[in-house]
């Protein structure tokens with residue numbers, strides 16, 4: 001499987017006439033080699049073979065995890081990369097432009113004097129756009145785990161509880177159910193704080209009559225889940241209910257529109273146009289969704305500016321929202337896997353309005 005993934009890199013070798021490709025970003029290392037640690041250098045040839053270089057902290061781990069590559073222990077990784085490049089007579093070496101700092105590039109250039117360093121841009125990340133069967137299984141498992149965790153702790157969301165206390169209980173529950181970690185800082189935004197799309201859980205006390213937006217996810221074997229529910233604590237007003245129903249309809253229309261061949265721009269418009277028609281167009285400022293995988297935010301981006309086209313095997317979120325400053329906010333989010341004729345939900349919680 002990993003060698004098949006490395007074969008996806010062949011077009012970069014052919015288009016830029018590369019001799020070698022250097023990979024060091026941890027997420028790409030994991031995707032292409034199986035290594036789950038935080039630091040290493042992967043030096044690949046056009047046929048998917050190559051070397052994994054790490055220092056002594058990671059030798060045992062790399063030997064166990066890295067498949068189909070030679071593992072080398074070296075205290076100075078970039079010196080080792082230069083030695084390997086010289087040993088095969090390499091002259092053109094690609095590197096990850098999106099993840100290489102100026103300092104790292106300067107060091108590489110010094111070590112690889114006589115070699116031309118070719119930047120491979122954001123298109124390198126696109127090899128992860130389509131998830132294979134193993135990835136889809138993990139994404140489904142982690143989404144189910146996180147959904148079940150929220151459902152278990154949701155009865156504890158009541159007046160008098162702080163946002164931070166509820167977020168902590170949710171994180172504990174995900175860990176108790178086997179998650180490696182929370183996927184990101186959990187968002188719990190109640191009442192007027194609901195107008196903050198990224199309103200991380202605070203010390204605010206949740207009150208009766210408020211909407212509470214909970215954006216959460218877990219990590220399992222490197223793969224992320226992402227889901228958002230908005231619930232009512234006690235009785236809510238007519239405006240809050242109308243905002244919720246507008247977002248819920250936009251969410252449902254967008255999920256029904258997901259299919260291979262639709263542009264991400266047009267998919268975004270399905271939800272955005274409905275929200276605008278209800279008079280809330282100025283209050284939905286972010287894109288409709290984003291890819292999910294080894295990173296919590298991956299390609300494709302579902303937004304008015306996206307040039308991407310939906311394809312079978314993609315996994316992304318559908319998350320419309322309305323945010324009314326000083327009043328309330330609603331976001332409803334599911335993660336979907338694109339199938340041959342539509343999509344299936346990976347996240348599990350029913351998105352009808354719940355009153356606690």
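The values are calculated or read from the model by the stated rules, or taken from the named source; none is laboratory data. All figures in this text were calculated on a predicted structure; none of them were measured in a lab. A quick note on method: Cβ atoms are made from the backbone with ideal geometry, for glycine too, and the neighbour counts reach across all protein chains shown.
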Residue 256 vs (1) surrounded by fewer than 19 Cβ atoms within 10 Å (Cβ to Cβ); (2) out of contact with any strand residue (DSSP E or B) (no Cβ under 6 Å at 6 or more places or on another chain); (3) more than 30 Å from residue 220 (Cβ to Cβ): all pass except (3)
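Taking the residues in the range 92-102 that are exposed (fewer than 15 other Cβ atoms within 10 Å of the Cβ) and more than 19 Å from residue 31 (Cβ to Cβ) as candidates, determine which candidate is farthest from the chain's Cα centre (by Cα). Let's see the steps before the verdict.
Looking only at the range 92-102, we keep the residues that are exposed (fewer than 15 other Cβ atoms within 10 Å of the Cβ), and these are 98, 101-102.
Okay, now just the ones that are also more than 19 Å from residue 31 (Cβ to Cβ), so 101-102.
Details: 101: 22, 102: 25 Å.
Restricting to residues being exposed (fewer than 15 other Cβ atoms within 10 Å of the Cβ) and more than 19 Å from residue 31 (Cβ to Cβ), the top hit is 102.
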Within the range 177-187, is there a residue that is under 24 Å from residue 239 (Cβ atoms) and either within 24 Å of the chain's Cα centre (by Cα) or not in a strand (DSSP E or B) (or both)? yes
Name, by its number, the condition in (1) in contact (Cβ under 8 Å) with a residue 12 or more places away in the chain; (2) within 29 Å of residue 185 (Cβ to Cβ); (3) assigned to a helix (DSSP H, G or I) that does not hold for residue 335. (3)
Counting only helices (runs of 4 or more DSSP H) wholly inside the range 1-91, the ones holding at least 3 residues that are buried (at least 18 other Cβ atoms within 10 Å of the Cβ) and over 25 Å from the mean Cα position of the chain (by Cα) are 77-87
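Given the options 214, 236, name the one that is part of a loop (DSSP other than H, G, I, E, B), assigned by TED's automatic domain parsing to the domain that holds residue 166 and under 19 Å from residue 189 (Cβ atoms). Write out each step before concluding.
Working: 214 fails: part of a loop (DSSP other than H, G, I, E, B).
Result of the check over 214, 236: 236.
Within the range 243-325, considering only strands (runs of 3 or more DSSP E) that don't extend past its boundaries, which have at least 1 residues that are outside the structural domain of residue 33 (by TED's automatic domain parsing), touching a residue at least 60 places away in the same chain (Cβ under 8 Å) and over 30 Å from residue 34 (Cα atoms)? Before you say what the answer is, go through the steps one by one.
Numbers: elements: 289-291, 298-302, 315-318, 321-324.
By residue number, 321-324.
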Scan the range 158-172 and tell me whether some residue there is touching a helix residue (DSSP H, G or I) at 6+ places or on another chain (Cβ under 6 Å) and without any contact (Cβ under 8 Å) to a residue 40 or more places away in the chain. yes
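Residue-by-condition table, conditions (1) out of contact with any strand residue (DSSP E or B) (no Cβ under 8 Å at 6 or more places or on another chain); (2) buried (at least 19 other Cβ atoms within 10 Å of the Cβ); (3) more than 30 Å from residue 207 (Cβ to Cβ); (4) at pLDDT 95 or above:
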site: 268; (1), (2), (3), (4): no, yes, yes, yes
site: 272; (1), (2), (3), (4): yes, yes, yes, yes
site: 292; (1), (2), (3), (4): no, yes, yes, yes
site: 297; (1), (2), (3), (4): no, no, yes, yes
site: 311; (1), (2), (3), (4): no, no, yes, yes
site: 337; (1), (2), (3), (4): no, yes, yes, yes
Kindly indicate whether residue 172 is surrounded by fewer than 15 Cβ atoms within 10 Å (Cβ to Cβ), outside any loop (DSSP other than H, G, I, E, B) and in the same structural domain as residue 207 (by TED's automatic domain parsing). yes
